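**Q** Questions regarding the structure given below will be posed in turn.
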Amino acid sequence: MDKSRIRNFSIVAHIDHGKSTLADRILEQTSAVPLREMEDQLLDNMDLERERGITIKAHAVTLVYTAKDGLDYVFNLIDTPGHVDFNYEVSRSLAACEGAVLVVDSSQGIEAQTLANTYLAVDAGLEIVPVVNKIDLISADPERVCQEIEDVIGIPAMDAPRISAKNGINIDEVMERVVKDIPPPQGDEGAPLKALIFDSYYDPYRGVIVYVRLKDGTVRTGDTIRMMATGGEFQVVECGFLRATSLEPAEALYAGEVGYIAASIKDVRQARVGDTVTLSERPAEEPLPGYRAVQPMVYCGIYPADGAHYTDLRDALEKLQLNDASLTFEPETSVALGFGFRCGFLGLLHMEIIQERLEREYNLDIITTAPSVVYKIKKTDGEELTIDNPTNYPDPATIAGAQEPITNAHIYSPAEYVGSIMELCQERRGTFMDMKYLDTDRVDIHYELPLNEIIYDFFDALKSRTRGYASFDYELLGYRESKLVKLDILLNGDTVDALSFILHADKAYPRARKMTEKLKENIPRQLFEVPIQACIGGKIIARETVKAMRKDVLAKCYGGDITRKKKLLEKQKEGKKRMRQLGTVEVPQEAFMAVLKLEE
Amino acid sequence: MGLGLYIHVPFCMGKCPYCDFYSVTPGEEAVDGYIKRTLELMAEYGRDCPYEVGTVYFGGGTPGLLGAKRLGELLESVLRSFPVAGGAEITCELNPAGLEAGFFRELKSAGFNRLSMGMQSADEGELRMLGRRHGPGDVERSVELARAAGFGNISLDLMLALPGSSPESLQGSIDFAARLSPEHISAYILKIEPGTPFASQGLQLPDDDSAADQYLLTVERLSRLGYSQYEISNFSRPGYESRHNLCYWQCGEYLGLGPAAHSFYKGRRFHWERDLNGYLRGEAPEDDGPGGSMGEFAMLNLRLSRGLIERECVLRFGGEGGEMFSRVRERALSLPGALIAAGPGKVAFTPEGFLVSNALLSRLLEGMI
């Protein structure tokens, strides 16, 4: 294929600004999909993605567009995940492109996420094609938004296509811009193979299907390929192009093209996003830049609500892991919750997504423990530990020093919320770095924030303090000395291991108070008084009491109608099933969840 | 213990907003039909009744609405159709409004020997709120007339934890009732039943703690006035416990006639639907399966102050009954002593325990019900 007719690009947008709708229109107009197979927002495959309106995994599709110059062009549209947890994946998807279509809602203007992803695209050297969407809305102000794009992002935008993806208005103008403004790929077909992996998924029949962008060289069926970072070698069973609803086999893929490779790879962890595929016979000297082994940043325990479903949970996690190299898990046990797994995630959203998928796709009723980051602890005997589970926290007397992960965080917001955002960041032990005005009304507030202050409910707090207008972005900066303590919760005198967590000493008192209050709200009265205590070491720092139950009676036995009474007792039995017996205390599962959301 | 015979009279002049017993407003035709059908059923069940009837109870609804003549007619049919023991307890529930001396005399001569009156409260405001059609004066007068007619066994109903009630208003009602010197007092904590007007009114009920305090105050006050508690909500002078209700609570058999009436008869539990027309059409009662299991026996007996008694378990169920008792007793020993007393051969709830009896029962009888 003539490289000058290839355009590799992605679409960058804030949630709800119309990225997926535009992708659908492009697919429609290039007849990539017969209309009857069109399902709204085709590229978002998972139910969860459609519902939340976010893209969790990257997707890609090859299309043929007949331009106004009468020539056919190959469009490789690479959709990117839309969330900070998946920033690395976004950067790899962008690295597979020469250009990006920037979609901005003409009634909303530029949002933080737009900026974050646009900067990633600019950093990757991509040509940006601005597009102003939703011009059909009464509140649309395309002129103002174009000016904003020029002012904030610094690219010419006054002649950006004004479109309505929803109503299919001016979509062909976007396509023409892609042809005209986005440069064709470079690369040497004859050079040693260098193909960037930007996504992969597990197919139960063919093993891992790897999505690649060839920078140099050629790959054919039968070639033996090597993953340059992980070192694995595989024989190519099939390669080809990504069509909207199927894979289209081809003899070979050449430099500049986007396609897939199937090579009987058993595990997505052997074909990691960002790795470079080369040929084992004639390997490239250097891999493509930017590979990073992704490490989980957040851990939590996941337990089946009903212990009998432990193996179901394990099977489900194994299946999810087939498609998600960044998910880790290993068995753990809790006195309170029984047998479960310690799971590692890229971030909070990643964690929530896995939890939701377990519940919805695998129909599992699960309990999760408070998320934890990875701490580094140095003991007095010189031993160094990494701790992601409060259970493994050493005896405080043996700790010489502790470090916690710190992030570089940017919050983009209308200027009027600066005060409350700074207040929030101070509360979360943030260090103010600087603040930039993006235009007269918008600011970029830069803080260094400890990761463990972000993972509980930072998003929710930020949203509520800025009425949803601020957005937020962070990256791991490194580790810093910190004064950590482990907080334990005792119910009726017994420690509940599943409720322990590690936090900064300054936060211990307020958090202990909130935890005990929240537990008091969520633990129903029992037949006896239940003290709820929070303590550090042996010292109790907060206490609440669930008073004994006073009244639970069917005072009247209706003319010998004992069926009513029996039903009532049966209902109690049902209710009991949803309770965890912790020592002498019955705790509803909701209590475990509620203490994770202390701000509400 | 003989058979208990319950006649449900499903008529009321109006619906009290808290009540979810089955009743309709009486029309002449419906009342005639009801009497006819009930007499038929009495004859039918009476033909092969293997038990001696120890108690008869006319409840409602408002049995008094039928008038003394018809009540007498129904009772006469009972006495004719069933083998009723000499000295049987024969109760009629009454609404203490507008009853005349002649009415009581007729009931007495028909054979009734116990009256249960829905006094509920001595506070005018509370009675109005409850939608009752009587005042405290009506209760006083009705009791006097009943006494004059020769009734030596009278029960008054009280309600606790009413919206707007206070320990003072409750004590006023208790003392008022006690001054009338009834042999028996029932005191029920108001429970909002789904589907009743109270349920949709968003009433300000006393919280659980205040309701519990009112209950304990009642137990204590009545005891001092000579009424000892023998069941969660029932109190009496010695020897005046309701024999009919004891039959329920000791897991004895009873036959209930009338729409919405429940039975435990010849080993099976069944009930007539809450539907007068169906009853009149001669529809058969709804089967609720076998009755009298050990779990039921324990659940019912634990409503009583004397509690579940080992000897009676063994007597009724043999060795298995003894094992069941041991299991219940063992579980009881693990629960707070302030709620439950597990003495030798006996497990009984304290008044504090009665207040949380659902929670206690679900623990004690886990796997048995």
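**Q** Can residue A:404 be described as closer than 17 Å to residue A:299 by Cα, of a type outside the set (Lys, Arg) and at pLDDT 95 or above?
**A** Numbers: closer than 17 Å to residue A:299 by Cα: yes; of a type outside the set (Lys, Arg): yes; at pLDDT 95 or above: yes.
Spelling it out, residue A:404 is indeed closer than 17 Å to residue A:299 by Cα, of a type outside the set (Lys, Arg) and at pLDDT 95 or above.
**Q** Just the residues that are of a type in the set (A, V, I, L, M, F, W, C) and not in a strand (DSSP E or B), please, taken from region A:484-497.
**A** Of region A:484-497, the ones of a type in the set (A, V, I, L, M, F, W, C) are A:484-485, A:487, A:489-491, A:496.
Scanning region A:484-497 gives a single hit, A:496.
**Q** Take residue A:575 and tell me if it is under 30 Å from residue B:186 (Cβ atoms) and either within 14 Å of chain B (Cβ to nearest Cβ) or not acidic (Asp, Glu) (or both).
**A** Details: under 30 Å from residue B:186 (Cβ atoms): yes; either within 14 Å of chain B (Cβ to nearest Cβ) or not acidic (Asp, Glu) (or both): yes.
In short, yes.
**Q** If you don't mind, there's one more thing I want to ask. Can you name the condition, by its number, that residue B:230 falls short on among (1) assigned to a strand (DSSP E or B); (2) of a type in the set (Phe, Trp, Tyr); (3) more than 18 Å from the chain's Cα centre (by Cα)?
**A** (3)
**Q** Does residue A:497 satisfy the condition of being among the charged types (D, E, K, R), surrounded by 18 or more Cβ atoms within 10 Å (Cβ to Cβ) and either free of Cβ contacts under 8 Å to residues at least 12 places away in the same chain or within 8 Å of chain B (Cβ to nearest Cβ) (or both)?
**A** Numbers: among the charged types (D, E, K, R): yes; surrounded by 18 or more Cβ atoms within 10 Å (Cβ to Cβ): yes; either free of Cβ contacts under 8 Å to residues at least 12 places away in the same chain or within 8 Å of chain B (Cβ to nearest Cβ) (or both): no.
Considered against the rule, which asks whether it is among the charged types (D, E, K, R), surrounded by 18 or more Cβ atoms within 10 Å (Cβ to Cβ) and either free of Cβ contacts under 8 Å to residues at least 12 places away in the same chain or within 8 Å of chain B (Cβ to nearest Cβ) (or both), residue A:497 comes out as no.
**Q** While we're on this one: Can you name every residue in region B:191-216 that is without any contact (Cβ under 8 Å) to a residue 12 or more places away in the chain and in a helix (DSSP H, G or I)?
**A** B:199, B:200, B:208, B:209
**Q** Sticking with this structure for a sec: Run residue B:220 past the list (1) outside any loop (DSSP other than H, G, I, E, B); (2) under 22 Å from residue B:20 (Cα atoms); (3) not aliphatic (A, V, I, L, M) and report the number of the one that doesn't hold.
**A** (2)
**Q** Also, quick follow-up: Name every residue in region B:225-247 that is at the interface with another protein chain (Cβ under 10 Å from one of its Cβ atoms) and of a type in the set (Lys, Arg), in order of residue number.
**A** Within region B:225-247, no residue meets the criteria.
**Q** What single numbered condition from (1) away from chain A (no Cβ under 14 Å); (2) under 29 Å from residue A:554 (Cβ atoms) fails to hold for residue B:108?
**A** (2)
**Q** Here's a follow-up. Need at least 1 residues that are within 14 Å of chain A (Cβ to nearest Cβ), under 25 Å from the mean Cα position of the chain (by Cα) and crowded, with 18+ Cβ neighbours inside 10 Å per element, so show me which helices (runs of 4 or more DSSP H) inside region B:305-369 make the cut, counting only ones lying wholly within it. Break it down into steps so the answer makes sense when it comes.
**A** Values: elements: B:310-317, B:319-333, B:351-355, B:357-364.
Because the criterion is at least 1 residues that are within 14 Å of chain A (Cβ to nearest Cβ), under 25 Å from the mean Cα position of the chain (by Cα) and crowded, with 18+ Cβ neighbours inside 10 Å, the helices (runs of 4 or more DSSP H) in region B:305-369 that meet it are B:351-355, B:357-364.
**Q** For residue B:183, are the conditions met, namely being crowded, with 18+ Cβ neighbours inside 10 Å, closer than 17 Å to residue B:222 by Cβ and among the charged types (D, E, K, R)?
**A** On the way: crowded, with 18+ Cβ neighbours inside 10 Å: yes; closer than 17 Å to residue B:222 by Cβ: yes; among the charged types (D, E, K, R): yes.
Considered against the rule, which asks whether it is crowded, with 18+ Cβ neighbours inside 10 Å, closer than 17 Å to residue B:222 by Cβ and among the charged types (D, E, K, R), residue B:183 comes out as yes.
**Q** Where in region A:144-248 are there strands (runs of 3 or more DSSP E), lying fully within it, with 3 or more residues that are of a type in the set (Phe, Trp, Tyr) and within 22 Å of residue A:291 (Cβ to Cβ)? Steps first, answer last, please.
**A** On the way: elements: A:194-203, A:207-216, A:218-220, A:224-227, A:233-235, A:238-242.
In region A:144-248, the matching strands (runs of 3 or more DSSP E) lie at A:194-203.
**Q** Let me ask you something else. Name the residue, out of B:296, B:286, B:273, that is surrounded by fewer than 22 Cβ atoms within 10 Å (Cβ to Cβ), among the charged types (D, E, K, R) and facing chain A (nearest Cβ under 9 Å). Outline the logic, then answer.
**A** On the way: B:286 fails: facing chain A (nearest Cβ under 9 Å); B:273 fails: facing chain A (nearest Cβ under 9 Å).
Only one candidate passes the filter, namely B:296.
**Q** While we're looking at this one, here's another question. Which count do you get for residues in region A:318-368 that are assigned to a loop (DSSP other than H, G, I, E, B) and among the aromatic types (Phe, Trp, Tyr)?
**A** Of the residues in that region, 1 qualify.
**Q** Would you tally the residues in region B:17-54 being within 14 Å of chain A (Cβ to nearest Cβ) and either in contact (Cβ under 8 Å) with a residue 60 or more places away in the chain or on the phi > 0 side of the Ramachandran plot (or both)? It would help to see each step written out before you state the result.
**A** Initial filter on region B:17-54 (within 14 Å of chain A (Cβ to nearest Cβ)): B:18-23.
Narrowing the set further to residues that are either in contact (Cβ under 8 Å) with a residue 60 or more places away in the chain or on the phi > 0 side of the Ramachandran plot (or both) leaves B:18-22.
Counting residues in region B:17-54 that are within 14 Å of chain A (Cβ to nearest Cβ) and either in contact (Cβ under 8 Å) with a residue 60 or more places away in the chain or on the phi > 0 side of the Ramachandran plot (or both) gives 5.
**Q** Mind listing just one residue for me: the one in region A:266-314 that is part of a loop (DSSP other than H, G, I, E, B) and basic (Lys, Arg) and, of those, surrounded by the fewest Cβ atoms within 10 Å (Cβ to Cβ)? Talk me through it step by step, then tell me what you get.
**A** At the first step, the residues of region A:266-314 found to be part of a loop (DSSP other than H, G, I, E, B) are A:266-267, A:271-275, A:280-297, A:305-306.
Filter once more, keeping what is basic (Lys, Arg): A:266, A:272, A:282, A:292.
Working: A:266: 13, A:272: 21, A:282: 11, A:292: 13.
Across region A:266-314, the extreme among qualifying residues is A:282.
**Q** Just to be sure I understand, how many residues within region A:533-557 are among the β-branched types (Val, Ile, Thr), away from chain B (no Cβ under 14 Å) and crowded, with 17+ Cβ neighbours inside 10 Å?
**A** 2
**Q** Pick from A:138, A:128: which is within 16 Å of residue A:14 (Cα to Cα) and either touching a Phe, Trp or Tyr at 6+ places or on another chain (Cβ under 9 Å) or modelled with pLDDT of 90 or more (or both)? Let's see the steps before the verdict.
**A** On the way: A:138 fails: within 16 Å of residue A:14 (Cα to Cα).
Only one candidate passes the filter, namely A:128.
The values are calculated or read from the model by the stated rules, or taken from the named source; none is laboratory data. The shown structure was predicted, so the numbers you read here are calculated from the model rather than taken from an experiment. Cβ atoms come from the backbone with ideal geometry, glycine included; neighbour counts cover every protein chain shown.
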